[in-house]
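Heads up, the thing below is written out as structure tokens.
Each reported figure results from applying straightforward, stated rules to the coordinates on display, with no laboratory input. If you're wondering where the values come from, they're calculated on a predicted model, not measured in any experiment. Cβ coordinates were reconstructed from backbone atoms using ideal geometry, including for glycine residues, and neighbour counts include every protein chain displayed.
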Amino acid sequence: MKDIRFLAADGFPLHGHLYEGGGEGPAVLISSAAAVPDAIYRHFAAHLIDLGASKVLTYDYRGVARSEAPSHWKSRLNLKDWGVLDFPAAVDELRRLSGSRPMVGIGHSYGGVALGLSNRSASFERYALLASLSGYYRNTAQPCAMYAKMNLVGVPLTIPFGKLPKWGGLGEAVPGTIFRDWARWCRNPNFLFSDPAVPEAQNFQKVTIPLLSVGITDDVWGTPRAVESLLRRFDNASVLHEMWYSPASSDGAPIGHLGFFRKHQANKLWPAVTDWLLNAKVPDGAALRPEMRAA
């Protein structure tokens, strides 16, 4: 593993980690959940290298963890730019580093949204959506608590601090403008798809590669309703398989929104997903979804 830095198209400096090995397999891009540092994915990335991936790239979105805004940066930081600018920059960096190797990807939560916004899905042979969802608060398992945490606590905190501090309870510190975008999307039944400031939402219709959606049954954010609401937007994907893990898949231990990537899941939850990423083997029990049309 080594630290790397690269620039988005607008010049914003992004930080990531590159994992390399002697394998002949695809290059893998891992795209983070909102307010989650790329270090969370280090064990999963190293495991992919052990299984034969040629290179794996993880990275922090602008304003999060080590991709903090430089002191001279004056432009507004927008949540959509994680998908519209940062994700494509990571794709380009991994392509530069891996040459002609096939590329596959896995997006955790927002990392699935980023694929849809990016207009870069054709760069991938296939892509896994891990706990990726539409964040409308009423689709969560705890709608009242989620609404209060984001709008009655989180949004007001961004006014005096200019950011949602880490102790605000939603992950790493997030710039205020980005968090307010996030809260606004989560108040809308159509999530980002009704935001006139996000015309890039139309790019979801351009995703035609094979997708694998992996849900977690005890994820308070990624309920079946929330996951379904996002998957409907990928209605032109050539193949879309869906599977769900429950705590029973992990010896009864809770998994939640972040638990899939914990190191102790290597022999429990990871094999089916890594085999699909690296070898295109459809997991046993993964349901092939019928054709879907966005509302």
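Here the chain is treated with +1 on each Lys and Arg Cβ and -1 on each Asp and Glu Cβ, and its dipole about the Cα centre works out to around 560 debye.
Rg over Rh for the chain works out to 0.93, both radii taken from alpha-carbon positions and Rh defined as the Kirkwood radius.
Considering only W270, L7, T208, the residue lying farthest towards the positive end of the dipole of the chain is L7, judged by Cα position with unit charges set on Cβ.
Distance check, please: which entries in K2/K206; K55/K281; K2/K163; K80/K281 exceed 24 angstrom between their Cα atoms?
Listed pairs above 24 Å: K2/K206; K2/K163; K80/K281.
Ranked by how many other Cβ atoms sit within 10 Å of their own Cβ, fewest first, the residues L240, L288 fall in the order L288, L240.
Each Lys and Arg Cβ is given +1 and each Asp and Glu Cβ -1; about its Cα centre, segment 31-186 then shows a dipole of about 280 debye.
Charge dipole of segment 143-295 (Cα centre as origin; +1 on each Lys and Arg Cβ, -1 on each Asp and Glu Cβ, all else neutral): 360 debye, rounded to the nearest 20.
Under the classification rounded if a/c is under 1.5, otherwise prolate if a/b is larger than b/c and oblate if not, where does segment 40-146 fall, given a ≥ b ≥ c as square roots of the Cα gyration tensor eigenvalues? Oblate is the answer for segment 40-146, as a/c is 1.5 or above yet b/c matches or exceeds a/b. Taking 0.36 nm per residue of separation and subtracting the current Cα-Cα distance, fully stretching the chain between C144 and A253 would add 36.7 nm. Between K2 and W73, the contour length at 0.36 nm per residue exceeds the Cα-Cα span by 23.0 nm. Along each principal axis, taking the top coordinate minus the bottom one, the Cα set of segment 87-195 gives 49, 28, 22 Å in descending order. Using only the C-alpha atoms, the convex hull of segment 134-217 corresponds to 121 Å³ per residue. Putting +1 on Lys and Arg Cβ atoms and -1 on Asp and Glu Cβ atoms, find which of A128, V84, M103 reaches farthest to the positive end of the dipole of segment 39-163. Most positive-ward Cα: V84.
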